[in-house]
Ligand SMILES: [Zn+2]
């Protein structure tokens, strides 16, 4: 008898069809039932940090919690709350939903907003993460038996381990190639790919470009000899192919189906809210707001965790047949650049790097080999967006016309004036992994 989970037949449209096509009403009922279980755990274990948040909302006992509608009463938690909890009750804080003897993996957040927080997983937590990731990769065409090449770092970054163990759990052959570090390493990886002929590649950031260039240097045609199509910068809309709730909550919250109109969420594993961060109220269809998740089914979970990410929900039914709602990941709150137009309506808008990327990508002279740009943010918002863009070297009439065209397009799309500064190629900094597109300047 096998102890392994059975995998769905390769021809099946969805990884978990019963749950992914569940109608709205039973899906909400399932969320409610699972949420009630998490609320009970908060009081019974107890989980002191979460318990304090519930009590702040007047929920002093599991019986005070009446259902999904009560969730919004609970004050949201942020990364800074987790960090403070870990400092006060070192090293793990007082927000864990299980005891250390059941933990099997540790990770930490990237620490881009301060000291990294610790993440722990039980075997159940890993199973939930792999379930969510398997649904996502199934939508992208990954099937048991396929050969899968990836370049995630392993070591302290748990995302690499998650990806490896997740695709192995799906029954795929994982090639953990690692990031493109030294030239010797890159060449070894390219040779391995040539021998194994991967069916699918997932290479993030600059890794794909570097491996592609290495193959060319070795006289190897990536498309023909490696089945590797990824060359150069991808279209900015590829950022909508997936949405994450962070490794600390649910690494793969959703992925886009073939409709490419938002990433289907795992609503049986997470209750997802999108709220205006100034009012705390839910926003509507396609409106930008903060992503707040409550994780179900995990031992180590979160309740109303505000990722400080800006997202939009697509509330329309999807023709593919999946019932879980879809979401677009737009960017980080910390990357929002406020613009305060002088117009009679006095409308203040926020711009994100993705807005500029989508706008600029429509200009072929800027898009090749990649769109390089920077949004400038000032302590006092200006009445226009300041945008620096790398473009054709020629100064004079051509670039003047280009600046005018970009400005006109921006005004039409976003309703705000834009001041464009055209720089020669190489005029802006390059980044290996995540690009910093917003620069804070005085004045
Ligand atoms: Zn769909």
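The values are calculated or read from the model by the stated rules, or taken from the named source; none is laboratory data. A quick note: this is a predicted structure, and the numbers were derived from the prediction, not measured. Positions of Cβ are backbone-derived with ideal geometry, glycine not excepted, and every protein chain shown enters the neighbour counts.
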Given (1) more than 30 Å from residue 128 (Cα to Cα); (2) surrounded by 17 or more Cβ atoms within 10 Å (Cβ to Cβ); (3) modelled with pLDDT of 95 or more, residue 198 misses just (1)
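Would you check if residue 442 is loosely packed, with under 11 Cβ neighbours inside 10 Å, modelled with pLDDT of 90 or more and either assigned to a loop (DSSP other than H, G, I, E, B) or in contact with a helix residue (DSSP H, G or I) (Cβ under 9 Å, 6 or more places away or on another chain) (or both)?
yes
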Looking only at segment 289-332, which residues are in a loop (DSSP other than H, G, I, E, B) and either closer than 29 Å to residue 357 by Cβ or within 16 Å of the ligand (Cβ to nearest atom) (or both)?
315, 316, 317, 318, 319, 320, 321, 322, 323, 324, 325
Qualifying positions in segment 113-139 - touching a residue at least 12 places away in the same chain (Cβ under 8 Å) and part of a loop (DSSP other than H, G, I, E, B)
113, 114, 115, 117
Residue count, segment 1-27 (criterion: within 24 Å of the chain's Cα centre (by Cα) and touching a residue at least 12 places away in the same chain (Cβ under 8 Å)):
8
Count - residues of segment 244-254 that are in contact (Cβ under 8 Å) with a residue 60 or more places away in the chain, in contact with a strand residue (DSSP E or B) (Cβ under 9 Å, 6 or more places away or on another chain) and more than 11 Å from residue 324 (Cβ to Cβ)
7
So is residue 266 within 16 Å of the ligand (Cβ to nearest atom), closer than 22 Å to residue 97 by Cα and touching a residue at least 40 places away in the same chain (Cβ under 8 Å) or not?
yes
Test result for residue 353, more than 16 Å from the ligand (Cβ to nearest atom), more than 30 Å from residue 100 (Cβ to Cβ) and surrounded by fewer than 18 Cβ atoms within 10 Å (Cβ to Cβ)
no
So which residues in segment 1-44 are surrounded by 15 or more Cβ atoms within 10 Å (Cβ to Cβ) and assigned to a loop (DSSP other than H, G, I, E, B)?
7, 8, 13, 14, 15, 16, 21, 22
